[in-house]
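S.K.: Here it is, the structure in full.
The values are calculated or read from the model by the stated rules, or taken from the named source; none is laboratory data. Predicted model, so just to flag it, every value in this text is computed and none were measured. For neighbour counting, all protein chains shown are included, and Cβ atoms are generated from backbone atoms with ideal geometry for every residue, glycine included. Surface accessibility is based on the protein's heavy atoms, side chains included, excluding ligands, DNA and RNA. Shrake-Rupley method; radii C 1.70, N 1.55, O 1.52, S 1.80 Å.
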Amino acid sequence: MRGTRPPASLTPVARLAGQVRSPEFLEGLGKGLEDYFPGISHVVFHFPSGGRPTVLASNLSAELDRRVLMPYVERMYLLDPFYRHWQIAPRAGLWTLDEIAPAGFRDSDYFATYYRDLGLYDEAAAFFPLGQRECLSLSFGFYRRHHATGQAELMDTLAYLFPLLEALIRQFWLASSLHLPAPHESPTLLESFGQECLSERERQVAWLILRGHTGPEMAKELGITLGTLKNHRKRLYAKLNIGSQAELFRQFMLFQHRETRA
């Protein structure tokens, strides 16, 4: 059984508890982790019961977002050992790469391309089930070899905090109305989200992005070329002053939060 190591302070978790019904929760979750582990790289994913992961929050650089997260959510998640592990064994827990990856994974082309070439030495993840075979996954990247010596400390501290984080994440997801739009939902919010600056087509693109569609899927859905789709996405990102799917999701959450309190 994995050991547990109490942190020096529970202040970051207490601060996070105060944000559990706020759109600031996901950002607060990341900041809390950085308080415990300065310099740690992390990504918050939503793994749905079916379909692609969605990036909810991240502290990766713009370059790593382009080189890692964009191809990951487009297609490479299918080869990700952590995503595959969740699909096979959907339960709460903490895992290191070596615990769940195939024996020869570090010699694979996937590891060479999405780990070694990017300077990613190791990875760990925490799964927090949300029900219906979906989960919120926290991914931690170790981009410098000496960080590997801190991996055991991170895992021990997370094991200690896990019950608290699991309860807070579940309350955030279930008690708030801040959910990803499901495919069957009528996009009523589409009519007003971004209407002050986005065109109707750009709002349609935003809605499809939020639902996790890839570029080719969006182009097919809208009956436009992939190049035209990319131009629409580029313009809506510029108008909203954002640069990633995670930032778009955050703005949508803030919008939902305002609407439900109106």
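S.K.: Any residue at all in segment 184-204 that's within 30 Å of P7 (Cα to Cα), among the hydroxyl-bearing types (S, T, Y) and modelled with pLDDT of 90 or more?
M.R.: no
S.K.: Next question. I need the full set of residues from segment 56-69 which are within 15 Å of S139 (Cα to Cα), part of a helix (DSSP H, G or I) and hydrophobic (A, V, I, L, M, F, W, C), in order please.
M.R.: L64, V68, L69
S.K.: For segment 221-262: of the residues being closer than 23 Å to P71 by Cβ and basic (K, R), which is modelled with the lowest pLDDT?
M.R.: Going through the qualifying residues, I end up with R250.
S.K.: Next up: Please go through segment 160-183 and give me each residue that is surrounded by 14 or more Cβ atoms within 10 Å (Cβ to Cβ), modelled with pLDDT under 80 and of a type in the set (A, V, I, L, M, F, W, C), ordered by number.
M.R.: Result: L178, L180.
S.K.: Condition check: over 18 Å from the mean Cα position of the chain (by Cα) and either farther than 17 Å from L165 by Cα or of a type in the set (F, W, Y) (or both). Does I40 satisfy that?
M.R.: So I40 fails the test.
Here is a yes/no grid of residues against (1) open to solvent by less than 60 Å² (accessible area, probe 1.4 Å); (2) charged (D, E, K, R); (3) modelled with pLDDT of 90 or more:
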residue	(1), (2), (3)
R15	no, yes, yes
S22	yes, no, no
G28	yes, no, yes
I40	yes, no, no
D65	yes, yes, no
R75	no, yes, no
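S.K.: What are the residues in segment 85-100 that are part of a helix (DSSP H, G or I), open to solvent by 30 Å² or more (accessible area, probe 1.4 Å) and either touching a residue at least 40 places away in the same chain (Cβ under 8 Å) or more than 16 Å from G141 (Cα to Cα) (or both), if any?
M.R.: Answer for segment 85-100, where residues must be part of a helix (DSSP H, G or I), open to solvent by 30 Å² or more (accessible area, probe 1.4 Å) and either touching a residue at least 40 places away in the same chain (Cβ under 8 Å) or more than 16 Å from G141 (Cα to Cα) (or both): H85, Q87, I88.
S.K.: While we're on this one: Looking at F47, F82, which one is open to solvent by less than 50 Å² (accessible area, probe 1.4 Å), more than 12 Å from the chain's Cα centre (by Cα), aromatic (F, W, Y) and closer than 20 Å to G131 by Cβ?
M.R.: Answer to the selection: F82.
S.K.: Mind checking which residues of segment 226-247 are surrounded by 13 or more Cβ atoms within 10 Å (Cβ to Cβ) and among the charged types (D, E, K, R)?
M.R.: Those that are surrounded by 13 or more Cβ atoms within 10 Å (Cβ to Cβ) and among the charged types (D, E, K, R): K230, R233, R235, K239, E247.
S.K.: Can you give me the number of residues within segment 101-137 that are assigned to a helix (DSSP H, G or I) and open to solvent by less than 30 Å² (accessible area, probe 1.4 Å)?
M.R.: Summing the residues that are assigned to a helix (DSSP H, G or I) and open to solvent by less than 30 Å² (accessible area, probe 1.4 Å) in segment 101-137 gives 5.
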